[in-house]
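Have a look at the structure below, then the notes.
The values are calculated or read from the model by the stated rules, or taken from the named source; none is laboratory data. Model, not experiment: these values are computed from the prediction. Please note: Cβ atoms are built from the backbone with ideal geometry, for glycine as well, and neighbour counts cover all protein chains shown. Protein only, heavy atoms only, side chains kept; ligands, DNA and RNA dropped before computing areas. Shrake-Rupley method; radii C 1.70, N 1.55, O 1.52, S 1.80 Å.
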Amino acid sequence: MEQSCRGEIAAKRRDLSPSGADAGEDRLSALPDDVLVLILLRLDTITEAARTSVLARRWRRTWALLPELTFRSVADHRHVLEVLAVAEAPALRRIHIATTYDAPESVAAWLPLAARRLSGGLLYHILVEAHEEEVVVVDGAIPLPCFGNATAIDLDLGFSALTLPSSGTFTRLTELCLERVRFQGTCELGDIVSSPRCPCLRKLDIRRVWGVAKLTVLSVSLLEIDLFSLYGLQQLNIDAPVLNKLALRRCFIRNQEQPIANISAPQLLSLTWIDACDPSYVHLGNMGQLQQLSPSIIMVYGQHHGRHNREVLRFLQHFQVIHSLNIAIGYPQSSSSDGVELAAKRPDLSPSGADTGEDRLSALPEDILVLILLRLDTIAEAARTSC
């Protein structure tokens, strides 16, 4: 009986040898769809996956079944539109697009299709190496649709303009990163990232953007906020009861008008504030859980830095106990006749310098040193610093 079964199996099995009866036949067509999809996912881009359609008849539309789409150095954006518009295509768990240029109207054509199909992460980067002062403003703006099922959105628009959707909920979005964006339109960024429209958002990262004069974030889900170079920001309001980490860097520093900040984050563990920090307009609520603090740089030597240092000192006074305090020390550049004297005072901070191992903290003003010691838990710990 066993020998009979083996004979039937052998009769059904194809001869896979080069000289067998099935030589030249499309053997790849015998593979299940899920295996073919797994093979195509190992290719770098959707373009390479589409080229496999010449291998076998079963492969001609298999690439359209991929749950992940990757486009690198896209030259013709009609291809992106065609791939996203395939009727039988499944939900997408990832869309990755990198390009050197994209006209707003071409992005506007495929973004709504991506919003309907995406159930995972979108990464779209315009790879333009330029500073904001060097950017040539292009007419038109990219309209961002509401991604109801996306879990992560990462946009670097190379300082292209973006308009935000006035309605809709980003129901499943947990991470949002926006970089090098010029915001236009009537919808404010704060409306998008607050809980009513982003109920699950946990991480918010905004970098080098224009057009946000006022940012109000009201979120019961956010755990991390990182704001860097929001040019023209005049008012910041954050009410986030479970926020653990907040970083603000170079957002107010270029403003001519006095900015206003109101922060309520009672569960905050880590605060980085490399920015204007005058307590008369920077209002921090109860931060009794704070473990780590990184304030603005402290300048040593030079009388014209006294106002800045006093502002940092008043900022530090808001905190009763700091478990980890990260202080950056800045030395002014020599630009006048006292340059020789300043150079003589400044320690050599290079690894091989004469001051290797020297007590560099001694360069700090005494009021700063006293404030640091006051943040230690006990007088015994403060006394140990003398050694």
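Can you give me the number of residues within the range 236-272 that are at pLDDT below 95 and in contact with a Pro (Cβ under 7 Å, 6 or more places away or on another chain)?
1
Matching residues to (1) part of a loop (DSSP other than H, G, I, E, B); (2) free of Cβ contacts under 8 Å to residues at least 12 places away in the same chain; (3) in contact with a helix residue (DSSP H, G or I) (Cβ under 6 Å, 6 or more places away or on another chain):
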{"site": "GLU82", "(1), (2), (3)": "no, yes, no"}
{"site": "VAL86", "(1), (2), (3)": "yes, no, yes"}
{"site": "TRP110", "(1), (2), (3)": "no, no, yes"}
{"site": "SER119", "(1), (2), (3)": "no, no, no"}
{"site": "CYS146", "(1), (2), (3)": "yes, no, no"}
{"site": "GLY158", "(1), (2), (3)": "no, no, no"}
{"site": "GLY168", "(1), (2), (3)": "yes, no, no"}
{"site": "CYS198", "(1), (2), (3)": "yes, no, no"}
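Restricting attention to the range 170-196, which residues are part of a loop (DSSP other than H, G, I, E, B) and surrounded by fewer than 22 Cβ atoms within 10 Å (Cβ to Cβ)? First the steps, then the outcome.
Going through the range 170-196, the residues part of a loop (DSSP other than H, G, I, E, B) turn out to be 170-174, 185-188, 194-196.
Of everything in the range 170-196, those that are part of a loop (DSSP other than H, G, I, E, B) and surrounded by fewer than 22 Cβ atoms within 10 Å (Cβ to Cβ) turn out to be THR171, ARG172, THR174, GLY185, THR186, CYS187, GLU188, SER194, SER195, PRO196.
Name every residue in the range 203-224 that is part of a loop (DSSP other than H, G, I, E, B), in contact (Cβ under 8 Å) with a residue 24 or more places away in the chain, farther than 16 Å from ASP239 by Cβ and open to solvent by 20 Å² or more (accessible area, probe 1.4 Å), in order of residue number.
GLY211
Please name all residue pairs, on different chains or six or more residues apart, with Cβ atoms under 9 Å, provided the first residue is in the range 181-193 and is under 17 Å from GLU224 (Cβ atoms) and the second residue is surrounded by 19 or more Cβ atoms within 10 Å (Cβ to Cβ) and of a type in the set (Ser, Thr, Tyr).
Here the result reads VAL193/SER219, each pair linking the range 181-193 to a residue that is surrounded by 19 or more Cβ atoms within 10 Å (Cβ to Cβ) and of a type in the set (Ser, Thr, Tyr).
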